[in-house]
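One structure is given here, and the rest of the page talks about it.
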Amino acid sequence: MKRICLFSLFLLSVLAGAVSCGGDGGSRTDDDTLRPLYETRHAQRFALLTDDRGPVLRVMNPWQGADSVAYDYRLVADTAVVLRPGEIRWPIRSAVCMSSTHVAFLDAVGRADAVKGVSGLDFITNPAVHAAGAKEVGYDNNLDYETIVALRPDVVFMYGLTGENAAAAKLRQLGVPVVYISDYLENDPLGRAEWIVPFGLLAGRMEQAVERFMHTENEYNTLGERVASQVGKRPGVMLNAPYKDVWYLPGDRSYMVRLLEDAGGDYLGKGEDTDVSRPVSAEKALLMMAEADFWLGPGMAQNMAQLKADNRRFADLPVVRRGDVYNNNARTTPTGGSDFWESGAVRPDVVLADLVRILHPELLPDHELYYFRKLE
């Protein structure tokens with residue numbers, strides 16, 4: 001269960017010859033001067049380094065399909081100095097978050113108050129962010145640059161999908177520092193959760209972040225090892241729901257499948273050694289569904305009546321007739337934002353406990369579901 005990935009030292013030697021700087025987002029740092037500040041245990045897309053000038057956050061391959069791309073962000077403690085490209089005022093006092101997980105990581109290190117702007121504010125479940133009056137900054141290529149500049153953030157946390165985010169270049173031109181965050185590309189649940197450490201560093205609370213992550217890792221591995229030693233038969237599980245008659249099934253190396261396997265489930269959509277979702281016809285997926293013991297994450301469904309109304313064929317499925325359908329929308333906003341996709345990234349141990357309670361209730365009879373709920 002424990003997979004300790006202490007690869008930073010090796011990574012340093014490889015990066016020196018193999019990594020190119022991704023655009024002008026981060027100043028390239030001479031690897032000969034750098035030494036590890038923190039040894040990553042599961043995450044594969046960041047490294048924390050340091051030298052005589054101070055810490056450097058290195059983000060590697062920050063979008064799908066990226067190869068040998070890296071951004072270096074040097075943290076500058078001098079509040080009077082004029083920042084150069086790739087430098088971040090540190091510790092950060094204010095931030096704009098383009099993803100709900102960025103909010104969750106800052107909250108996890110006690111700095112939800114630093115969140116001054118959010119993309120998709122109505123979908124954020126964290127009450128502290130709303131109470132503090134965080135501003136909506138727009139979406140994707142329709143960002144409200146005027147609002148972002150007026151907020152004067154120390155950093156905008158950005159993500160890329162299939163390439164350089166066009167908004168990042170525009171923000172840099174406006175003098176707003178940007179940091180790519182690629183937590184969502186980590187397929188190991190603990191690798192995704194480990195991104196709390198760079199957020200802790202940026203917020204000036206790295207020790208607290210490492211301590212919390214180590215607790216999460218211990219809780220996750222302890223439960224996972226218990227499942228592996230005590231579970232015999234693994235129930236068949238189907239994931240997701242069709243969209244316009246196409247069912248998108250995650251690949252075998254995806255985040256959700258890893259959670260499911262660690263919880264003692266048998267993913268019925270397995271067979272593709274990838275971390276990318278693939279389209280499957282609704283007819284083929286329904287054949288798989290006929291064998292399902294459990295159905296998890298059935299789209300936006302709030303109850304069984306809505307599920308059956310969405311597709312009349314669902315009503316005849318054995319898993320639906322038995323009522324073994326669970327959705328990850330136990331904690332939502334009125335507009336449909338789900339805390340599963342927010343704080344769930346920071347708390348994979350709780351997500352795992354939910355899944356174990358669903359699939360093997362005898363192992364955790366006292367656990368109350370936190371992110372998931374049974375559809376009634």
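So the values come out like this:
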| read-out | value |
| --- | --- |
| Peptide ranges 43-50, 317-324 listed from the most packed, as the mean C-beta count within 10 angstrom indicates | 43-50, 317-324 |
| Straight-distance crosslink candidates among aspartates and glutamates, where the alpha carbon sits under 18 Å from K116 and sequence neighbours closer than 8 are dropped | D107, E136, D140, D144, E146, D154, E342 |
| Environment charge at D245 (Cβ cut-off 12 Å; Lys +1, Arg +1, Asp -1, Glu -1) | +1 |
| Degrees, to the nearest 10: 348-359 long Cα axis against longest axis of the chain | 0 degrees |
| Ordering of 233-240, 352-359 by burial proxy (mean other Cβ atoms within 10 Å per residue, highest first) | 352-359, 233-240 |
| Peptides 184-190, 206-212 ordered by average Cβ neighbours within 10 Å, highest first | 184-190, 206-212 |
| Extended-chain gain in nm, criterion 0.36 nm per residue less alpha-carbon gap, R313 and R53 | 87.3 nm |
| Among L75, T147, A301 - extreme Cα towards positive end, dipole of the chain, charges at beta-carbon | A301 |
| Pairs from K270/K308; K244/K374; K244/K308; K244/K284 whose Cα-Cα separation, in the structure shown, is over 19 Å | K270/K308; K244/K374 |
| Net dipole in debye of segment 208-342 [+1 Lys, Arg Cβ; -1 Asp, Glu Cβ; about Cα centre; nearest 20] | 500 debye |
| Between 0 and 90°, nearest 10: helix 8-18 axis offset from the chain longest Cα axis | 70 degrees |
| The chain: relative contact order in percent, alpha carbon pairs under 8 Å with at least 6 residues between | 14 percent |
| For segment 246-376: rounded, prolate or oblate by the Cα gyration tensor [a/c cutoff 1.5] | rounded |
| Dipole in debye (nearest 20) - the chain, about Cα centre, beta carbon charges: Lys, Arg +1; Asp, Glu -1 | 400 debye |
| For segment 58-172: relative contact order, % (alpha-carbon pairs under 8 angstrom, 6 or more apart) | 27 percent |
| Label-point separation in nm, Q230 to K244, each point 7 Å along Cα→Cβ | 4.6 nm |
| Cα gyration tensor category, rounded, prolate or oblate, for segment 300-376 with a/c compared to 1.5 | oblate |
| Antiparallel %, DSSP beta bridges [both residues in the chain], to 5 | 50 percent |
| Distance from segment 176-238 to segment 46-105 (C-alpha centre basis), Å | 20 Å |
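Since every read-out is calculated from the coordinates, none of them should be taken as a lab result. Note that this is a predicted model, so its numbers are computed, not measured. Note that each Cβ is placed from the backbone with ideal geometry, even for glycine, and that neighbours are counted across all protein chains shown.
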